[in-house]
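Values in this text are rule-based calculations from the coordinates and carry no lab data. Computed from a prediction, not measured in an experiment: that's the story for all the values here. Cβ coordinates were reconstructed from backbone atoms using ideal geometry, including for glycine residues, and neighbour counts include every protein chain displayed.
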Amino acid sequence: GQQVMQIPQYQHVQEGEDFTTYCNSSTTLSNIQWYKQRPGGHPVFLIQLVKSGEVKKQKRLTFQFGEAKKNSSLHITATQTTDVGTYFCALREGSNYKLTFGKGTLLTVNP
Amino acid sequence: SAVISQKPSRDICQRGTSLTIQCQVDSQVTMMFWYRQQPGQSLTLIATANQGSEATYESGFVIDKFPISRPNLTFSTLTVSNMSPEDSSIYLCSAKSGENNEQFFGPGTRLTVL
């Protein structure tokens, strides 16, 4: 199956700073999903991107899908302590809709 | 959307024993999945639980070690058999639902094998 590489592995920011995590693939992706997992919690779905060059926004979060559909990014503007957690990109594959997760980016925010 | 519950939430087990984890969804769903997540790591798919047929296992996971049941569209169980300390992990079930075919996750079962 396809794999996605996610960077960085960790990111520590001061509250108010911006944050970006990237998800890259060597092959063209049909879709990408993003999930957030709070410490001690379970993954929660954020968004799905399917179109080349797609950009979606959720308040301070901006999600992008590359023109070649080989990369995606999640950008958080003016981070808050509530943004703390691990952000995973995931590729939905096959007829059974199974997910292949990236390794995730752990975001910590210093108040 | 789907709300998922898991039992037990955590357990400490002795080597060589087996533990069955239950996953209940509040609505009928076609696809259910079982994942394993080591602390601080990503999620690894164990298998897809198919209703009315055998589960579909990912590479590195076998039915004898992780038997799965899916008796109906709202319920599944995962058994971790003949446990060893290497099986210590968080086990999560999920269900596919929603217009984006996203997955909704249960709260997880934290398993410690001594």
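Annotations
- With kT/(6 pi eta Rh) evaluated at 10 °C and eta = 1.306 mPa s, and Rh the Kirkwood radius from Cα pairs, chain B diffuses with a coefficient of 114 µm²/s according to Stokes-Einstein.
- Greater than 27 Å apart at Cα, pairs in A:K98/B:K7; A:K51/A:K98; A:K51/B:K7; A:K57/A:K103; A:K51/A:K103: A:K51/B:K7
- DSSP-assigned coil residues among GluC sites (Glu not before Pro) in segment B:69-102, each with at most 16 further Cβ atoms within 10 Å: B:E99
- Point-charge dipole on Cβ atoms (K/R +1, D/E -1) for the protein assembly as shown, about Cα centre, debye to 20: 120
- Taking packing as the residue-averaged number of other Cβ atoms within 10 angstrom, the listed peptides A:4-15, B:64-75 run from highest to lowest as B:64-75, A:4-15.
- Simple Cβ-charge dipole of chain A, Lys/Arg +1 and Asp/Glu -1, about Cα centre, in debye nearest 20: 340
- Distance from the Cα centroid of segment B:43-90 to that of segment A:68-111 is 25 Å (rounded to whole angstrom).
- Averaged over B:29-39, number of beta-carbon atoms from partner chains that fall within 10 Å: 2
- Considered as an equivalent ellipsoid built on the Cα gyration tensor, chain A has semi-axes of 23, 15, 12 Å, the largest given first.
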